[in-house]
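Chemist: The structure under discussion is supplied below as structure tokens; questions concerning it will follow.
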Amino acid sequence: MAIHVMSDIETWNLSPSAPLLVEIGAVKFDGEQVIDRFHVAIDPADAERYGFVPDAKTMLYWMDEKRAEARANWLGLPKVDLYAAIDGWSQWCGLTPMDQRGSHWGKGATFDNVRLKAVCDRLQLEYPFTYRQDECYRTLANRVPHVGYTQLGTAHVGVDDAESQAVHLIQIAKYLGIEL
């Protein structure tokens, strides 16, 4: 059975080529359940060393009261440098043998996967997936809106969003009768 990865990032800049990542959450899952979790908070001052900068519109989004719990969660986490965070995520993803590795999922046609690859490229780290493995959870979820989504944990906490999305994707696959 294939082991898939669902990644969810939180950023302070939405630029596809220069996102300021502040959190990476990811889960490994098979066609039945989540089997492993990865979560890291990134020191934004360190990310600036690589040319990633916040933008005002995204910062205003994070200051909204609706995201107070996610902000508090991030503030309470130890922060690591950007290189260590991306390298750690990449190595964690790569722990699945290539013959068992399935797809890399995210809200990825334009967001999570693209930005993670851009940061890997900027840091000269290998992106742990081929272009054939990148999949867009958002596209599939939008096509089957009647399969309900349940937020597990706190919205906008990367690992909680990744787990919620993976569980939802498993439900969608079962509904459609497709094997992940």
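Read the figures in this text as sums done on the coordinates, not as results from a lab. Since we're looking at a predicted model, the values are computed, not measured. Methodologically, a virtual Cβ is constructed for each residue, glycine included, from the backbone with ideal geometry; neighbour enumeration extends over all protein chains shown.
Chemist: Any chance you could list P(r) for the stretch 3-176, counting all Cα-Cα pairs in 5 angstrom bins from zero, rounded to whole %?
Modeler: Whole-percent P(r) values from 0 Å outward: 1, 9, 18, 23, 21, 15, 9, 3, 1, 0.
Chemist: First check a/c for the stretch 35-109, with a ≥ b ≥ c the square roots of the eigenvalues of its C-alpha gyration tensor; if it is under 1.5, answer rounded, and if not, answer prolate when a/b is larger than b/c or oblate otherwise.
Modeler: Prolate.
Chemist: Cross-link partners among lysines for LYS28, C-alpha distance below 23 Å, same-chain residues fewer than 8 apart left out?
Modeler: Qualifying lysines at Cα under 23 Å: LYS79, LYS107, LYS117, LYS174.
Chemist: Neighbour counts of other C-beta atoms within 10 Å: give me TYR61, TYR137 arranged from fewest to most.
Modeler: If I rank by nearby Cβ atoms, fewest first, I get TYR61, TYR137.
Chemist: Given the peptides 15-27, 155-167, 124-136, arrange them by the average over their residues of other C-beta atoms within 10 Å, most packed first.
Modeler: Averaged packing, sorted descending, gives the order 155-167, 15-27, 124-136.
Chemist: Positive end of the dipole of the chain, charges at C-beta (+1 Lys, Arg; -1 Asp, Glu), about the Cα centre: which of HIS4, TRP89, TYR175 has its Cα farthest in that direction?
Modeler: TYR175
Chemist: Sticking with this one: Could you work out the relative contact order of the stretch 34-170? I mean the mean sequence separation of Cα pairs under 8 Å and 6+ apart, divided by the number of residues, in percent.
Modeler: About 27 percent, as a whole number.
Chemist: So what is the calculated 222 nm ellipticity per residue for the chain, using -39500 (n - 2.57) for each DSSP H run with n of 4 or more, over all residues, to the nearest 500 deg cm²/dmol?
Modeler: When only DSSP H runs of four or more count, the value is -12000 deg cm²/dmol.
Chemist: Using 0.36 nm per residue of separation minus the Cα-Cα distance, give me the extension gain between ASP30 and THR110 in nm, one decimal.
Modeler: So the extension gain works out to 26.4 nm.
Chemist: Further question on the same structure: Using alpha-carbon positions, what is the distance between the centroids of the stretch 123-169 and the stretch 13-61, in Å?
Modeler: Taking the Cα centre of each part, the stretch 123-169 and the stretch 13-61 sit 13 Å apart.
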